[in-house]
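*Asks:* One structure follows; several queries about it will come next.
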Amino acid sequence: MNAFGRPLALALSALSFFMLVPSRSDAGLFDVGVDVDAEFGLDKRTMDFINGLAPQVRKEVLQLLKEALPLIDASVISYLNRVDAILDKQISHIQCAAIGTGAALSDDLKGKLPFGGQVQPVAKLEADLNSTITGFRPNVKPHDMRLAYSDLIYRATVANCQVAIASETAKDVAAILENARPRWMVWYRLDGSCPGITQCYSWQEQHTKETISKADKRDVVSADAEKRISSVHQPKTRATGVVWATFNPTEYEKALGELISIEDGINLATAKRLSDANAAIESAGYLISEAKKVLANSPHGPFPLGPDCTLPRVAIAHAGQAMKDADAIRNALAKAVELDQALMPRVQQLSVEFETTMQFASAQIALARDARRFDFGFHGNFGPRIRRCNL
């Protein structure tokens with residue numbers, strides 16, 4: 001289309017598009033319809049755990065998560081690894097600093113201390129860890145495993161805070177906690193989804209594979225999902241046998257933890273991609289609205305005959321300002337639809353607004369360059385002449 005064919009008609013028709021797009025949303029970074037937390041991109045169960053912590057502890061943990069968010073730009077895996085480190089390691093230091101005892105844990109982790117609240121020796125705690133891990137029956141339920149680890153974590157957390165004065169002892173107790181917490185998280189995440197260990201593996205494996213098959217390939221690559229799941233296999237140790245036999249679930253917990261992590265990675269990658277798409281389209285909408293503001297506050301042609309060319313000159317300057325972000329707007333719209341095809345209708349709407357706005361700006365330039373002025377110099381008996389502004 002020739003933008004300069006009928007500039008006046010074009011300018012008048014374009015004025016109908018001067019309604020500003022909505023301002024940028026104040027919603028969470030990951031508020032994009034994916035089943036993850038809107039602010040931190042974590043699954044609901046993990047956020048439930050964090051939100052169940054004592055207020056001061058929760059505040060500190062959320063701050064650490066906020067500081068870790070930039071890692072997502074480099075890798076969703078790096079971010080999730082940082083989340084694991086916060087929940088498995090740093091949370092112990094935060095709890096002790098907050099109130100000095102293990103009572104800072106969520107209600108699910110509160111149990112009764114033996115020995116009248118006296119600190120257990122490290123050797124006893126380590127023995128407790130080993131006996132807890134190796135003491136499960138083959139038919140144990142995820143809920144029971146979760147509670148068994150909860151009791152152990154509570155005792156170790158109290159000890160960890162009370163022995164902080166001795167760095168060597170604290171390091172040994174921290175190692176016990178770092179061993180137990182990921183195990184607890186596995187069964188906390190699976191509690192209610194499956195009845196037993198082997199059934200949980202089958203359920204989680206199928207669930208993770210379905211997540212991979214349904215996900216956008218870019219999200220699968222971001223989470224390195226196909227490579228990671230190819231290295232996960234059901235442990236050879238069978239969680240079956242006579243009811244009085246015991247069973248060590250360590251290999252199952254490692255495999256289940258990896259399957260859960262793969263799924264978390266895909267969900268986070270999806271949320272990140274859709275968030276980037278939304279940011280791109282909001283950026284385009286914002287820039288278009290700013291261009292419209294500039295044009296709305298600019299002199300509009302055709303310009304009346306006058307003693308000088310001030311108004312058309314201002315109009316050209318404003319039109320140039322409105323058009324300066326044209327490439328950025330085009331790139332943002334292209335990025336938005338490339339990242340999320342579902343945004344196509346909104347992109348098409350904004351594209352129409354953008355092109356109409358640019359055509360209006362071009363029309364104003366054409367009208368300004370066609371503007372004329374009086375020349376009051378001496379011209380004999382013919383009076384002032386009319387000259388083009390030549391802008």
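*Asks:* Can you tell me which residue among A284, A245, A255, A291 is farther than 24 Å from A332 by Cα and modelled with pLDDT of 95 or more?
*Replies:* A255
*Asks:* So P195 ticks every box in (1) under 17 Å from E251 (Cα atoms); (2) not in a helix (DSSP H, G or I) but one. Which box is left unticked?
*Replies:* Unmet for P195, out of (1) under 17 Å from E251 (Cα atoms); (2) not in a helix (DSSP H, G or I): (1).
*Asks:* Further, regarding this structure: With respect to V163, is the statement that it is within 21 Å of I86 (Cβ to Cβ) and more than 33 Å from the chain's Cα centre (by Cα) true?
*Replies:* no
*Asks:* While we're looking at this one, here's another question. Quick one: A103 ticks every box in (1) at pLDDT below 50; (2) out of contact with any Lys or Arg (no Cβ under 8 Å at 6 or more places or on another chain); (3) within 12 Å of A54 (Cα to Cα) bar one, so which box is it?
*Replies:* Failing condition for A103: (2).
*Asks:* Q204 - would you say it is part of a helix (DSSP H, G or I), within 22 Å of A148 (Cα to Cα) and modelled with pLDDT of 95 or more?
*Replies:* yes
*Asks:* So E168 fits all but one of (1) in contact (Cβ under 8 Å) with a residue 12 or more places away in the chain; (2) assigned to a helix (DSSP H, G or I); what number is the exception?
*Replies:* Failing condition for E168: (1).
*Asks:* It is to be established whether one or more residues within the stretch 207-221 are closer than 30 Å to M358 by Cβ and outside any helix (DSSP H, G or I).
*Replies:* No, every residue in the stretch 207-221 fails to be closer than 30 Å to M358 by Cβ and outside any helix (DSSP H, G or I).
*Asks:* How many of the residues in the stretch 304-324 are buried (at least 19 other Cβ atoms within 10 Å of the Cβ) and not in a helix (DSSP H, G or I)?
*Replies:* The qualifying residues number 1.
*Asks:* Out of (1) hydrophobic (A, V, I, L, M, F, W, C); (2) crowded, with 18+ Cβ neighbours inside 10 Å; (3) at pLDDT 95 or above, what's the single condition that is false for A328?
*Replies:* Looking at each condition in turn, A328 falls short on (2).
*Asks:* What residue, of I365, I329, is in contact with a Leu (Cβ under 7 Å, 6 or more places away or on another chain), within 15 Å of V294 (Cβ to Cβ) and β-branched (V, I, T)?
*Replies:* I329
*Asks:* Looking at K236, K272, which is the one that is assigned to a helix (DSSP H, G or I) and among the basic types (K, R)?
*Replies:* None of the other options fit; the residue is K272.
*Asks:* Looking at A159, A180, A174, A170, which is the one that is in contact with a Lys or Arg (Cβ under 8 Å, 6 or more places away or on another chain), under 17 Å from V122 (Cβ atoms) and aliphatic (A, V, I, L, M)?
*Replies:* The match here is A174.
*Asks:* Mind checking whether some residue in the stretch 53-68 is hydrophobic (A, V, I, L, M, F, W, C), in a helix (DSSP H, G or I), surrounded by fewer than 16 Cβ atoms within 10 Å (Cβ to Cβ) and modelled with pLDDT under 90?
*Replies:* no
The values are calculated or read from the model by the stated rules, or taken from the named source; none is laboratory data. Just so we're clear, the structure is a prediction, and the values are computed from it rather than from any experiment. Using ideal geometry, Cβ is built from the backbone for each residue, glycine included, and neighbour counts are taken over all protein chains shown.
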